[in-house]
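The values are calculated or read from the model by the stated rules, or taken from the named source; none is laboratory data. Owing to the predicted nature of the structure, the values given are computational and were not obtained by experimental measurement. Cβ coordinates were reconstructed from backbone atoms using ideal geometry, including for glycine residues, and neighbour counts include every protein chain displayed. All accessible areas refer to the heavy atoms of the entire protein, side chains included, with ligands and DNA or RNA removed. Shrake-Rupley method; radii C 1.70, N 1.55, O 1.52, S 1.80 Å.
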Amino acid sequence: MLLNDVVQASARVAATNSRNAKVAVLAETLASADAEELLVVAHYLSGSLRQRRTGVGWRSLAVRPAPAAEPTLTIAAVDAAFTELARLSGTGSQGTRASLLAQLMDAATADEQAFLAGLVTGETRQGALEGLLIPAISAAFSVPTDALRRAAMFSGSIPVVAVTAQAGGEAALAGLTLQVGRPVLPMLASSAPTVGDAFAGFGADVQLAVETKLDGIRIQVHRDGDAIAVYSRSLDDITARLPAVVAAVAALPARRLVLDGEALAIGPDSRPLLFQDTASAQAVLSPFFFDLLHLD
């Protein structure tokens with residue numbers, strides 16, 4: 001598949017306000033990708049890179065070479081280029097990265113250059129993103145949306161769900177379950193006009209608990225024996241930033257677990273600091289876990 005196929009699909013999605021039309025375009029594009037391309041195609045349609053970090057910033061894209069006259073870049077070639085960019089590190093990597101990026105952009109048309117820049121900077125604005133991918137995957141591979149949402153939560157990746165749905169349908173999706181060491185998509189709160197309305201939505205026979213909202217950073221912690229990993233809300237590995245959290249989890253009387261909650265920076269007076277202080281890379285954070293997702 002050519003990168004241009006995804007670029008043009010993205011443009012068609014951006015050109016309509018109809019949700020159904022957007023879903024139809026996305027489904028058509030997903031269905032036309034082969035098994036080796038689908039993971040990357042799903043990432044690009046959601047406005048993200050499979051590699052997450054490439055070392056390329058917006059300044060590197062400020063000046064672009066003259067665009068190619070005709071589209072020739074394939075999905076596989078673009079993905080390979082970003083994989084190489086992400087792999088680079090150490091002495092001389094900056095120059096090599098600039099050269100590889102120039103080669104990639106030189107082979108791209110003007111529309112492709114703009115699309116690639118959006119993927120790198122996270123500013124692909126075609127009105128699709130992940131919110132419409134679930135119904136699009138459902139339409140492309142004839143699987144129920146509920147099964148897709150469940151699988152997406154446990155796998156932590158909608159593109160992975162697309163590949164699974166294409167390969168094995170609903171039965172394969174059922175095989176995606178909670179796995180210690182693999183972050184899951186966070187459960188997010190929804191609002192209600194009043195407290196009464198919020199309670200009424202759960203039914204009369206449901207027992208409810210109310211928790212104080214702590215303004216920290218959302219974290220997810222996985223422990224498998226001595227191996228402990230901490231993930232952010234966006235599923236980035238932030239273990240190295242949170243040694244206090246790692247120490248607290250290591251002290252728990254458990255062998256395998258998954259925790260979902262908040263981490264806060266605590267001041268000398270034992271009160272939480274402001275959110276901007278908690279979010280600082282220099283902050284020493286303490287764990288306040290609200291939910292136990294798994295325990296052995």
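Just the protein heavy atoms count here, and of the accessible area of the chain at 1.4 Å, carbon and sulfur take up 54 percent. Paramagnetic label reach from S99 (point 7 Å along Cα→Cβ; backbone nitrogen cut-off under 14 Å): within region 68-91, residues 85, 88-89, 91. When +1 charges are put on Lys and Arg Cβ atoms and -1 charges on Asp and Glu Cβ atoms, the dipole computed for region 1-147 relative to its Cα centre reaches about 580 debye.
Taking all Cα pairs closer than 8 Å and separated by 6 or more residues, the relative contact order of region 56-114 comes to 57 percent.
The gain in end-to-end length when the R19 to Q207 segment is fully stretched comes to 64.0 nm, 0.36 nm per residue minus the alpha carbon separation. Peptides 4-13, 188-197 ranked from most to least packed by the mean count of surrounding Cβ atoms within 10 Å: 4-13, 188-197. Relative to the longest principal axis of the Cα atoms of the chain, helix 110-121 runs at roughly 20 degrees.
How would you order 163-172, 88-97, 55-64 from highest to lowest mean count of nearby Cβ atoms within 10 Å?
Those peptides, ordered most packed to least, come out 163-172, 55-64, 88-97.
Modelled spin labels at T74 and D291, positioned 7 Å past Cα toward Cβ, are 4.2 nm from each other.
Between the listed residues T54, A66, F82, the Cα displaced farthest toward the positive end of the dipole of region 43-90, a dipole computed from Cβ unit charges relative to the Cα centre, is found at T54. Taking amide H positions as modeled 1.01 Å from N, with prolines and chain starts lacking one, the residues under 5 Å from H294 and 5 or more places away or on another chain are V258. Between 0 and 90 degrees, the angle of helix 145-155 with respect to the longest Cα principal axis of the chain falls at about 80 degrees. In the context of the full set of protein chains, region 149-230 has a per residue accessible area of 58 Å² (1.4 Å probe).
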